[in-house]
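So the structure is just underneath, and the comments pick up after that.
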Amino acid sequence: MAFLFKSKKNQDRALASRDGNSGGGSQGSIQSQRERIAREEKSGTQRSTPTGSLNSIDRDGSAGAGSPDQGYGRQRGPSVDQAPSQPPSSDLPLRNGPPVSSQNQMPPQQQMMNPNASLYPWSQRRLTYTSSHPSPFPRYGAAVNSVSSKEGDIYVMGGLINSSTVKGDLWMIEAGQNMACYPLATTAEGPGPRVGHASLLVGNAFIVYGGDTKVDEMDVLDETLYLLNTSTRQWSRALPAGTRPSGRYGHSLNILGSKIYIFGGQIEGYFMNDLAAFDLNQLQMPNNRWEMLIQNTDSGGPAVGKIPAARTNHSVVTFNDKMYLFGGTNGYQWFNDVWSYDPATNEWTQLDCIGYIPVPREGHAASIVDDVMYIFGGRTEEGVDLGDLAAFRITSRRWYTFQNMGPSPPLDLATA
């Protein structure tokens with residue numbers, strides 16, 4: 001995904017450039033030393049995961065054919081509701097992909113390796129580039145809307161490319177038959193280059209908040225809320241007066257009703273568990289304000305146990321007017337807990353879960369289908385990239401694990 005996450009266990013600071021221009025003198029955390037990256041790639045060393053908004057896209061924007069069981073992570077048996085060597089449990093809304101056709105066909109060598117690929121849940125689609133611009137992928141820590149627009153559009157903004165350059169460009173993927181991918185020209189001042197930010201698509205508004213924007217040591221992280229009108233492709237900015245959530249990266253951004261919620265994240269190794277909300281219905285009002293709902297534990301907020309521990313690179317989904325949190329890390333501890341937030345009471349509740357609970361992780365992807373939260377990938381405390389798929393049925397609080405999934409996305413992909 002985005003910036004390379006630096007845990008407190010191994011602080012290794014270096015400087016990244018922005019759009020090809022080297023930043024001067026910063027020790028901020030959008031850092032990745034080219035020499036270190038080269039050494040890691042040569043030796044096969046795993047790099048730490050990027051942010052919880054989590055987004056990594058492969059060179060051609062497609063899912064590869066690596067199996068999640070090829071020696072990565074832990075192999076776990078099927079859940080009590082799933083017999084061995086069988087397809088995923090039929091009571092879970094796991095959708096099969098479209099049949100293999102000339103437009104989503106895998107390379108011949110992959111078909112030979114997987115003659116029954118069309119029978120598996122994962123399917124592969126390749127992007128079609130419609131401009132002379134070079135491919136924007138791979139990139140890490142970009143903001144990508146987890147739910148496409150009603151037209152099937154997906155927006156990709158910013159992130160880290162070539163392990164060193166932070167971008168502020170905007171691309172759109174038309175998730176239709178052709179999977180067209182092209183850059184978008186916008187008007188007005190939008191968000192600058194950043195990594196580790198979070199995004200959300202609400203109607204015709206693509207919303208971006210946060211990210212690591214520092215170039216120099218004395219720079220302040222951006223606290224502006226950016227909104228792109230996807231119809232006019234014009235950016236607008238909101239910087240309400242009063243107390244605002246501090247700029248951050250590796251946080252989550254979700255919506256319940258008309259309010260957007262920001263939880264957690266980090267600043268230079270300082271991890272947060274605060275919660276703030278902003279009512280989009282008040283956007284045009286002169287007295288609009290952020291609501292600081294819950295303070296950080298170490299700033300006078302509730303104790304850990306009453307609210308989730310501070311963390312970054314976690315995931316949050318929404319279901320039935322509540323938010324559901326999973327995973328993340330604080331640099332010392334990796335989490336696999338599940339919490340529910342109820343805006344009606346402004347309270348977090350940790351859920352007691354049953355079934356095959358996934359290993360602790362950060363930098364994974366999460367998506368909601370009906371009452372089931374799906375978790376894919378991520379990275380463990382040991383730096384192992386995961387390629388497993390797990391499902392959590394919210395109404396029964398039961399975890400499921402899947403086997404025999406066939407070809408799956410590469411282990412370094414985590415976007416949902």
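The values are calculated or read from the model by the stated rules, or taken from the named source; none is laboratory data. Please read all numbers here as calculations on a predicted model, not as lab measurements. Here the Cβ is made from the backbone with ideal geometry for all residues, glycine too, and neighbour counts use every protein chain on show.
Note down all Cβ pairs under 7 Å where the first residue falls in the stretch 343-366 and is without any contact (Cβ under 8 Å) to a residue 24 or more places away in the chain, the second is buried (at least 16 other Cβ atoms within 10 Å of the Cβ), and they're at least six residues apart or on different chains.
Thr349/Trp339; Thr349/Ser340
Considering every residue within the stretch 386-394, establish whether at least one is over 24 Å from His251 (Cβ atoms), without any contact (Cβ under 8 Å) to a residue 24 or more places away in the chain and in a loop (DSSP other than H, G, I, E, B).
No: the stretch 386-394 contains no residue that is over 24 Å from His251 (Cβ atoms), without any contact (Cβ under 8 Å) to a residue 24 or more places away in the chain and in a loop (DSSP other than H, G, I, E, B).
So, in the stretch 365-382, exactly how many residues are part of a strand (DSSP E or B) and either touching a Pro at 6+ places or on another chain (Cβ under 8 Å) or over 14 Å from Ser396 (Cα atoms) (or both)?
10
Cβ contacts < 6 Å: first residue farther than 12 Å from Lys259 by Cβ and modelled with pLDDT of 95 or more, restricted to the stretch 273-294; second residue among the small types (Gly, Ala, Ser) and surrounded by 15 or more Cβ atoms within 10 Å (Cβ to Cβ), any location; separation 6+ or different chain. Result?
Asn273/Gly264; Asn273/Ala310; Met292/Ala276; Ile294/Gly301
Quick check on the stretch 225-238. Is at least one of its residues in contact with a Leu (Cβ under 9 Å, 6 or more places away or on another chain), surrounded by 15 or more Cβ atoms within 10 Å (Cβ to Cβ), more than 19 Å from Gly158 (Cβ to Cβ) and not basic (Lys, Arg)?
No, the stretch 225-238 has no match at all.
Somewhere in the stretch 326-336, is a residue more than 28 Å from Val156 (Cα to Cα) and among the hydroxyl-bearing types (Ser, Thr, Tyr)?
Keep residues of the stretch 326-336 that are more than 28 Å from Val156 (Cα to Cα), which gives 332-333.
In the following step, the residues that additionally are among the hydroxyl-bearing types (Ser, Thr, Tyr) were identified as 332.
There is at least one residue in the stretch 326-336 that is more than 28 Å from Val156 (Cα to Cα) and among the hydroxyl-bearing types (Ser, Thr, Tyr).
Of the conditions (1) modelled with pLDDT under 90; (2) aromatic (Phe, Trp, Tyr); (3) outside any loop (DSSP other than H, G, I, E, B), Phe137 clears all except one; give me its number.
Status for Phe137: all satisfied but (3).
Identify, from the list Gly257, Gly265, Gly269, the residue that is surrounded by 21 or more Cβ atoms within 10 Å (Cβ to Cβ) and at positive phi.
Going through Gly257, Gly265, Gly269 in turn, the sole match is Gly265.
Kindly list the number of the only condition in (1) over 19 Å from Glu268 (Cβ atoms); (2) within 21 Å of the chain's Cα centre (by Cα) that fails for Gly242.
Going through the list (1) over 19 Å from Glu268 (Cβ atoms); (2) within 21 Å of the chain's Cα centre (by Cα), Gly242 breaks only (2).
Can you pull out the residues in the stretch 319-337 that are in contact with a Gly (Cβ under 9 Å, 6 or more places away or on another chain) and buried (at least 17 other Cβ atoms within 10 Å of the Cβ)?
Leu325, Gly327, Gly328, Thr329, Gly331, Trp334, Phe335, Asn336, Asp337
Pull up the stretch 300-343, narrow it to residues that are part of a loop (DSSP other than H, G, I, E, B) and of a type in the set (Phe, Trp, Tyr), then point me to the one that is modelled with the lowest pLDDT.
Tyr332
Out of (1) touching a strand residue (DSSP E or B) at 6+ places or on another chain (Cβ under 7 Å); (2) buried (at least 22 other Cβ atoms within 10 Å of the Cβ); (3) in contact (Cβ under 8 Å) with a residue 40 or more places away in the chain; (4) within 30 Å of Thr329 (Cα to Cα), the odd one out for Cys181 is which?
Failing condition for Cys181: (4).
Within the set of pairs 6 or more residues apart or between chains, which connect a residue that is in contact (Cβ under 8 Å) with a residue 12 or more places away in the chain and under 21 Å from Asn313 (Cα atoms) inside the stretch 195-222 to a residue that is among the basic types (Lys, Arg) and outside any strand (DSSP E or B) with Cβ atoms less than 6 Å apart?
Pairs found: Gly210/Arg248; Gly211/Arg194; Thr213/Arg194.
Restricting to the stretch 380-391, what's the tally of residues that are in contact with a strand residue (DSSP E or B) (Cβ under 7 Å, 6 or more places away or on another chain) and either surrounded by fewer than 24 Cβ atoms within 10 Å (Cβ to Cβ) or at pLDDT 95 or above (or both)?
Here the count works out to 6.
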